[in-house]
1. Which residues, counting only those in the stretch 1-30, are at pLDDT below 55, assigned to a helix (DSSP H, G or I) and loosely packed, with under 15 Cβ neighbours inside 10 Å?
2. Please specify each residue of the stretch 144-162 satisfying the condition of being touching a strand residue (DSSP E or B) at 6+ places or on another chain (Cβ under 9 Å) and over 19 Å from V401 (Cβ atoms).
3. Of the residues that sit in the stretch 282-307 and are in a loop (DSSP other than H, G, I, E, B) and touching a helix residue (DSSP H, G or I) at 6+ places or on another chain (Cβ under 7 Å), which one is nearest to G350 (Cα to Cα)?
4. Inside the stretch 128-139, can you point out the residues that are modelled with pLDDT of 95 or more, over 29 Å from P209 (Cβ atoms) and not acidic (D, E)?
5. Only one of these conditions is not met by V378: (1) within 26 Å of I169 (Cβ to Cβ); (2) free of Cβ contacts under 8 Å to residues at least 60 places away in the same chain. Which number is it?
6. Only residues in the stretch 116-130 that are within 12 Å of D54 (Cα to Cα) and in the same structural domain as L39 (by TED's automatic domain parsing) count as the first member; pair them with residues that are in a strand (DSSP E or B) and among the small types (G, A, S), Cβ under 6 angstrom, at least 6 apart or cross-chain, and list the lot.
7. Could you please find all residues in the stretch 339-366 being in contact with an Asp or Glu (Cβ under 7 Å, 6 or more places away or on another chain) and either part of a helix (DSSP H, G or I) or exposed (fewer than 13 other Cβ atoms within 10 Å of the Cβ) (or both)?
Amino acid sequence: MSEQASGAGRTKEVRQKLLEQELRELLGVVGPAQLVELLLERASQLRATDIHLDPNEEGLRIRLRVDGMLHDVLQVPPEQSLQMVSRLKLMAEMDISEKRLAQDGHISRKFLDQQRDVRVGSGPTTFGERLVLRLMPEGGSFKRFDELGLEPDQIELLTKYVSMPYGMILSVGPVGSGKSTSMYSCLEYVNSPSKSLVTIEDPVERRIPGVSQVQIKPEIGFGFVEALRGTLRQDPNVVMVGEIRDPETAHIGVRAARTGILVLSTLHAQDAAASFDVFRDFGIPPLFIADSLLAVVAQRLLRKVCQHCKETVVADESTRQTLGVSGQAGEVLLTRGKGCDACFQTGFFGRTGVFEVVGVDEELKHALSSGMPRGELVQLARSRGMHSLQAAAARKVVAGVTSMEEMNRMLLIDPAS
């Protein structure tokens, strides 16, 4: 590690180790406004995606979500809890007198010379009001396909399909698997002054120069369906729909993809094959699914082994079999993190994606239009070069990017199996 990188690592360790102490000391000497400002700034520095403020018998429990995991940073006593909550609600332009109903708000601030948007949600609990703040990604920060964690052959396949003039590309996975980031990367790839690009989102997560972005408002009857219908009358080349949640949105999206528009969207499904079943459940005819879908990208996010505290371990035979390297000569060396101040003692720092990319070629189109069962579709896709999520994660483990334990945790693999 270079001297500069080592110095940066030590700086981050100091920031994280002293964060709770710093906030604790300030509790008694500053008001809620200064404490809230510092909390937002420190959360941004630590790359936190969410701040949780949960009321309990002792006051207000404050946690930061970093790399997908929540970490305790402060317990605010009862006499100051109400002040902090009220301050945040005022900043988010929420009704501070309403504590019985859930509310949504928005904060737009500069943190470390970067303009950041913060979504705020409140709701009643038995101990008082709970707040969750979502720190939206920095404006204009888009990742290239190789930065997402895609393998070279997957990048080649995705680039091929996202360059098509029309059709549908889906990113699928559970909540928090990075689907929106992948679709933003696709959108940025096709962004061109010669094309009309529109997004329909809830909420608009990142501002994109050259793209018309639409925020849906269900409370006034302007949902995904209404926004999509209106957008299709405005001569778009590319439409990104934040999420396909219901049959009507799916039907309209499929119709648009079949009639000359490139549609990018996300869907809650466990893997690529499951997304075909979801569309079937939405009542879309198999022939339409086959005609409209260009590619399905299933994904998960895995935590990366912390570079400050990593250590090397020798894989046993059971682990080698799980990773598909049991026949490899010599020792198979893997990495894991011991835990340090730089990674909140977790052994992980940062995240990367693992993907399975299914391109809907002619053979798969025929299989889909004929109603081939899910299991057979999986076998067909694998025979045509698709890497499963488990295989993609195993390559990351063998390469030392993540650990076997993290692979098992994220993909719900039983280590004893």
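1. E3, Q4, A5, S6, G7, A8, R10, T11, V14
2. Hits for the stretch 144-162 are L157, L158, K160, Y161, V162.
3. Across the stretch 282-307, the extreme among qualifying residues is C306.
4. Passing the criteria: R130, L131, V132.
5. Single failed check for V378: (2).
6. Close Cβ pairs satisfying both conditions: E129/S122; R130/G123.
7. D341, A342
Conditions (1) aliphatic (A, V, I, L, M); (2) modelled with pLDDT under 95, marked per residue:
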site	(1), (2)
G327	no, yes
G330	no, yes
D341	no, yes
Q345	no, yes
F348	no, yes
P373	no, yes
A381	yes, yes
S388	no, yes
V401	yes, no
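The values are calculated or read from the model by the stated rules, or taken from the named source; none is laboratory data. Worth saying up front: this structure is predicted, and the values here are computed from it rather than measured. When we count neighbours, we look across all protein chains shown, and the Cβ atoms used for this are built from the backbone with ideal geometry, even at glycine.
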